Amino acid sequence: MKKFNIALTLEQSISEKIIEYAKELYTTLDSNVILGLNSKPHITIGQFSIGDMEAKEVWQNYASLSKLLPKVSLSGLTIIPSSSGGAWIEISVLKSSLLLKLQDDLINILSPFGELTNDVGDNYRPHITIARTTISKEFENLPVDSEVLKLKLLNTELAIGLGTNFEDLIIK
């Protein structure tokens, strides 16, 4: 079984802006996550662990059902303490009824094979993870006024990947 991730990705020009912002944070913090190498900026709809054949069926059914994709708006920086020390740093995405419907549709299609391992429903926090620190840091010098954190009505595409890599996986 492999860990799959169905997510919304953004247009290349927007992804590049987010990656540049993440690199700026990477130099400010002692971060062990950086976007752009093998990790594309994305908004997770659902993560799950199933076999390749089941994943192919889930993806085909889900991709054909999910024709209407939301435009998303970013809403600032969030710092979430990590249970292992340090913190996750994320760009918040405004939750919408269409995002919740996309997740509900995935839950229904996935149900014969497994279940989502990420938060769902009211607990779902759409976001783009941009950094993770391994030690407690002072966050007073973070660039929180960046225009990247205020982008609105961004076009999205549906993608499936292994973990956070959406480049090498081809399921048709």
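Here, each number is a calculation from the coordinates, and none is a lab measurement. What you see is a predicted model, and the numbers here were worked out from it, not measured in a lab. When we count neighbours, we look across all protein chains shown, and the Cβ atoms used for this are built from the backbone with ideal geometry, even at glycine.
Net charge near GLU147, counting Lys/Arg +1 and Asp/Glu -1 over other residues with Cβ under 13 Å of its Cβ?
Within the 13 Å Cβ shell, the charges total 0.
Go ahead and run the numbers for FRET between THR27 and LYS3, Cβ-Cβ distance against an R0 of 35 Å, rounding to 0.05.
Here the calculated transfer efficiency is 0.75.
Evaluate Rg over Rh across the stretch 31-116, taking Cα atoms for both radii and Kirkwood's formula for Rh.
A ratio of 1.01.
How compact is the chain by the rule of thumb for globular proteins, expressed as Cα Rg over 2.2 N^0.38 Å?
Expressed relative to 2.2 N^0.38 Å, the Cα Rg reads 1.03.
Which FRET efficiency value, to the nearest 0.05, do you get for ASP105 and LEU149 by plugging their Cβ-Cβ distance into 1/(1 + (r/R0)^6) with R0 = 25 Å?
0.30
Mind pulling up the Rg/Rh value for the stretch 74-172? Radius of gyration and Kirkwood radius, both on Cα.
1.00
Sort THR27, THR129 so that the residue with the fewest other Cβ atoms within 10 Å of its own Cβ comes first and the one with the most comes last.
Arranged by neighbour count, lowest to highest, THR27, THR129 become THR27, THR129.
Hey, what angle do you get for helix 52-65 against the long axis of the chain, alpha-carbon based, 0 to 90 degrees rounded to 10?
Taking the Cα atoms of the chain, the angle to 52-65 is about 90 degrees.
Going through the stretch 1-96, which trypsin sites (Lys or Arg not before Pro) have at most 13 other Cβ atoms within 10 Å and a DSSP loop state?
LYS67, LYS71
I'd like the FRET efficiency for GLN47 and ASN141, computed as 1/(1 + (r/R0)^6) with the beta carbon distance as r and R0 of 25 Å, rounded to 0.05.
Once rounded, the FRET efficiency stands at 0.20.
When the helices in the chain are scored as -39500 (n - 2.57) per DSSP H run of 4 or longer and the sum is shared across all residues, what 222 nm value do you end up with, to the nearest 500 deg cm²/dmol?
-8500 deg cm²/dmol
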